[in-house]
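Worksheet: one structure, shown below.
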Amino acid sequence: MSWTNENTYYSSGVNTHGGGCEAFALVCSDAAFGNLWLAEQHSDFDRMRGGDLLRTDSDTHTVIALEKKAGSVVVAEGNYIDLSKRNTCSIHWGREIPRQELEGDTKFDVRTRYPQ
């Protein structure tokens, strides 16, 4: 399914409007958490959980965590560029991002809606 920066979404729970990758992550987050507000923002890999919104790639891409593993996180993302399909932007499930890649990104950010 195509998903580009043309796709937009407003999340009342997060109280933000996003386009492209942010829009897709917000759609998924709202589906999981309903109208729960953001509870916390941090950059601690150990505290990250499935369902958290992750800002990656030097603050240029947003994904949603599907599964956190000891050394990585499995994500879903919109506006994913698949070079094998002529740069088609789409929804993509299952990419695994290594922990060291996230922790090496000085602008890596986690937004969670889990109540504290």
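The residue that is least open to solvent (accessible area, probe 1.4 Å), counting only those in region 1-15 that are within 24 Å of E67 (Cα to Cα) and without any contact (Cβ under 8 Å) to a residue 40 or more places away in the chain, is S11.
Within region 1-30, work out how many residues are among the small types (G, A, S), under 26 Å from D82 (Cα atoms) and part of a loop (DSSP other than H, G, I, E, B).
Summing the residues that are among the small types (G, A, S), under 26 Å from D82 (Cα atoms) and part of a loop (DSSP other than H, G, I, E, B) in region 1-30 gives 1.
From the residues in region 33-47 that are aromatic (F, W, Y) and farther than 10 Å from V110 by Cα, which one is least open to solvent (accessible area, probe 1.4 Å)? The qualifying residue least open to solvent (accessible area, probe 1.4 Å) is F33. If a residue has to be farther than 15 Å from C21 by Cα and open to solvent by 50 Å² or more (accessible area, probe 1.4 Å) to count, how many in region 67-86 make the cut? Counting residues in region 67-86 that are farther than 15 Å from C21 by Cα and open to solvent by 50 Å² or more (accessible area, probe 1.4 Å) gives 8.
I'd like to check something: does region 49-63 contain any residue that is on the phi > 0 side of the Ramachandran plot, open to solvent by 30 Å² or more (accessible area, probe 1.4 Å) and of a type in the set (G, A, S)? Within region 49-63, one or more residues are on the phi > 0 side of the Ramachandran plot, open to solvent by 30 Å² or more (accessible area, probe 1.4 Å) and of a type in the set (G, A, S).
Here V27, V63 are screened, and the one residue that is in contact with an Asp or Glu (Cβ under 7 Å, 6 or more places away or on another chain) and at pLDDT 95 or above is V63.
The values are calculated or read from the model by the stated rules, or taken from the named source; none is laboratory data. Here the structure is a predicted model, which means the values were calculated and not measured. Every residue, glycine as well, gets a Cβ built from its backbone with ideal geometry; the counts of neighbours run over all protein chains shown. Just the protein is used for accessible areas: all its heavy atoms, side chains included, with ligands, DNA and RNA removed. Shrake-Rupley method; radii C 1.70, N 1.55, O 1.52, S 1.80 Å.
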